[in-house]
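Below is one structure, written out as structure tokens; comments come after it.
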Amino acid sequence: MESSKLQRLKSRIVRTPLFSNIGVPMLNASNPRIVQWDAWLGPEDPASLAIAIRQQELHDVLVPPEEEQEWVASLRFVIDHVATLIPYDPDEDVWHAPTAAAWSAAWTFSLEHLHAACGVPLPADTAAQLVWFERGHWPCALVDGASGANLKDYVIF
């Protein structure tokens with residue numbers, strides 16, 4: 001990834017209070033919650049899987065094969081930062097909730113960065129996930145039947 005592009009992403013990530021409020025009570029929020037890592041239902045749960053599938057679709061539209069290495073560099077940068085904030089374990093798979101949360105943040109912020117770089121408007125679901133990350137939470141799953149376009153559409157940790 002071009003140095004200036006990575007610098008913009010770095011600036012964005014380091015000023016965001018990622019995971020600073022996981023498990024902390026939220027005022028005036030009616031979203032379903034989990035309050036510990038072990039309460040997450042896993043990557044194959046339809047409510048979690050829907051987010052991952054949508055993120056992959058967005059990636060596939062915007063990242064041509066010749067730019068995949070730049071995408072991977074972006075993800076790696078976010079993962080390296082998040083690994084200092086939560087019990088991320090590079091030896092774990094996506095069934096390990098902190099590892100899944102780290103990758104979720106990496107994909108969400110990298111998608112935001114990619115949309116901005118391409119001059120493409122950010123989809124409402126990605127924007128909603130970003131708000132939860134900016135508030136220090138992990139939007140870990142969709143509420144049954146929700147599109148993800150609104151803040152209330154997410155299960156929050």
Next on the checklist: Yes or no: the stretch 118-134 includes at least one residue that is farther than 15 Å from ILE51 by Cα, assigned to a helix (DSSP H, G or I), modelled with pLDDT under 95 and in contact with a Lys or Arg (Cβ under 7 Å, 6 or more places away or on another chain).
Outcome noted: no
Checklist outcome for this item: Selection over the stretch 131-153 where residues are aliphatic (A, V, I, L, M) and in contact with a Leu (Cβ under 8 Å, 6 or more places away or on another chain) yields a count of 2
Next on the checklist: Cβ-Cβ under 9 Å, sequence separation 6+ or interchain: first residue in the stretch 38-64 and without any contact (Cβ under 8 Å) to a residue 40 or more places away in the chain, partner part of a loop (DSSP other than H, G, I, E, B) and charged (D, E, K, R). Which pairs?
Outcome noted: PRO46/ASP144
Checklist outcome for this item: Residue hits (the stretch 53-81; under 17 Å from THR99 (Cα atoms) and not acidic (Asp, Glu)) are GLN55, VAL72, SER74, LEU75, ARG76, PHE77, VAL78, ILE79, HIS81
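The values are calculated or read from the model by the stated rules, or taken from the named source; none is laboratory data. Because the structure is predicted, anything quoted here is derived from the model rather than measured. Note: ideal-geometry Cβ built from the backbone for every residue, glycine included; neighbour counts use all protein chains shown.
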